[in-house]
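Note sheet for the following structure.
The values are calculated or read from the model by the stated rules, or taken from the named source; none is laboratory data. This is a predicted model, so every value here is computed, not measured. Here the Cβ positions follow ideal geometry from the backbone for every residue, glycine too, while neighbour counts run over all protein chains shown. All accessible areas refer to the heavy atoms of the entire protein, side chains included, with ligands and DNA or RNA removed. Shrake-Rupley method; radii C 1.70, N 1.55, O 1.52, S 1.80 Å.
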Amino acid sequence: MSNPLNLEKYKTIVLDCDGVVLNSNQTKVDAYYNTSKRTGGTDAQAQAFVDYHIKLGSIPRNDKIRYYISDILKQAFTEEFFQTLMDTFTEILDETLMQCEVAPELDNLKQKTAQAKWMLMSGGDQQELRKIFPRRGLDNLFELGIYGGPTKKNEHLATMIADGTIQFPALFIGDSRFDHQASTGAGLDFVFVSDWTDMPDWQSYCKQHQVTVSHHLELKPYTDF
């Protein structure tokens with residue numbers, strides 16, 4: 001077992017949404033699959049869409065949908081069909097994000113890090129998140145705001161470090177390869193939360209890169225994986 005994290009030192013804590021704050025990774029997988037099926041995709045095309053989503057992790061959905069059109073469906077891009085896919089995905093997801101589980105340790109972590117300001121940073125759509133989180137009573141946890149796609153996380157981080165929104169030392173809590181790469185590349189500490197992740201072979205990645213891992217938001221690091 002590793003030593004506990006010194007959470008009291010952080011001025012800023014950035015949390016990913018899917019698989020960290022909300023148990024919504026499978027919800028997203030189902031939404032990609034069903035978006036394909038509802039708009040005429042075959043089972044194989046729907047599964048390819050899911051596979052690409054999982055491979056990319058926390059990348060905004062507009063990039064994944066563009067890939068779906070060009071590389072999976074092998075169709076010429078049209079704004080109309082792109083918007084149909086985006087709208088279908090949003091409709092499916094809105095129903096399920098209101099129901100999925102919230103991390104049980106979220107409020108306790110907020111109390112433990114009272115000195116820090118929080119920010120939510122997701123690969124999910126920013127407008128959608130800013131509607132869902134107030135409806136679920138979670139928006140007040142994030143004094144620094146709720147951010148998402150289509151802007152990528154590394155771009156958000158660069159902007160907010162430059163304008164002073166993110167104060168150091170800062171911690172990013174995520175569950176994907178891109179979360180780790182974007183946050184450490186920007187100079188933040190990082191913890192990988194494993195219980196709800198859908199990242200393939202995360203154990204090998206975390207061992208290779210000596211990533212601190214916790215089962216959930218209690219943030220007690222462990223090494224038995």
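Each Cα pair under 8 Å and six or more residues apart adds its separation to the average, and for the range 24-159 the resulting relative contact order is 26 percent.
Between the helical axis of 153-162 and the longest alpha-carbon principal axis of the chain there is an angle of about 40 degrees.
Rounded, prolate or oblate: which fits the range 59-102, taking a ≥ b ≥ c as square roots of the Cα gyration tensor eigenvalues, rounded meaning a/c under 1.5, else prolate when a/b beats b/c? In terms of gyration-tensor shape, prolate.
Taking all protein chains together and a 1.4 Å probe, the residues Thr159, Thr151 rank Thr159, Thr151 from largest to smallest accessible area.
Using a Gaussian network model of the chain with C-alpha springs under 10 Å, which one of Leu85, Leu109, Leu120 is most mobile by mean-square fluctuation? Checking each option, the largest mean-square fluctuation is seen for Leu109. Given the options Asp139, Asp201, Asp18, which has the most mean-square fluctuation in a GNM of the chain, springs set between C-alpha atoms less than 10 angstrom apart? It is Asp201. For Leu15, the residues whose amide H sits under 5 Å from its own are Met119, Leu120, Met121, Ile173, ignoring neighbours fewer than 5 places away on the same chain, with H placed 1.01 Å from N.
Projecting label points 7 angstrom from Cα along Cα→Cβ for Gln47 and Thr159 puts them 3.9 nm apart.
Computed with a 1.4 Å probe over protein heavy atoms only, the accessible area of Asp224 comes to about 120 Å². Cross-link reach is defined here as a Cα-Cα straight distance under 21 Å, omitting same-chain residues fewer than 8 places apart; for Lys153 the lysines meeting it are Lys11, Lys28, Lys55, Lys64, Lys117, Lys131.
A simple spin-label model places pseudo-atoms 7 Å from Cα toward Cβ; at Arg66 and Cys100 they are separated by 2.4 nm.
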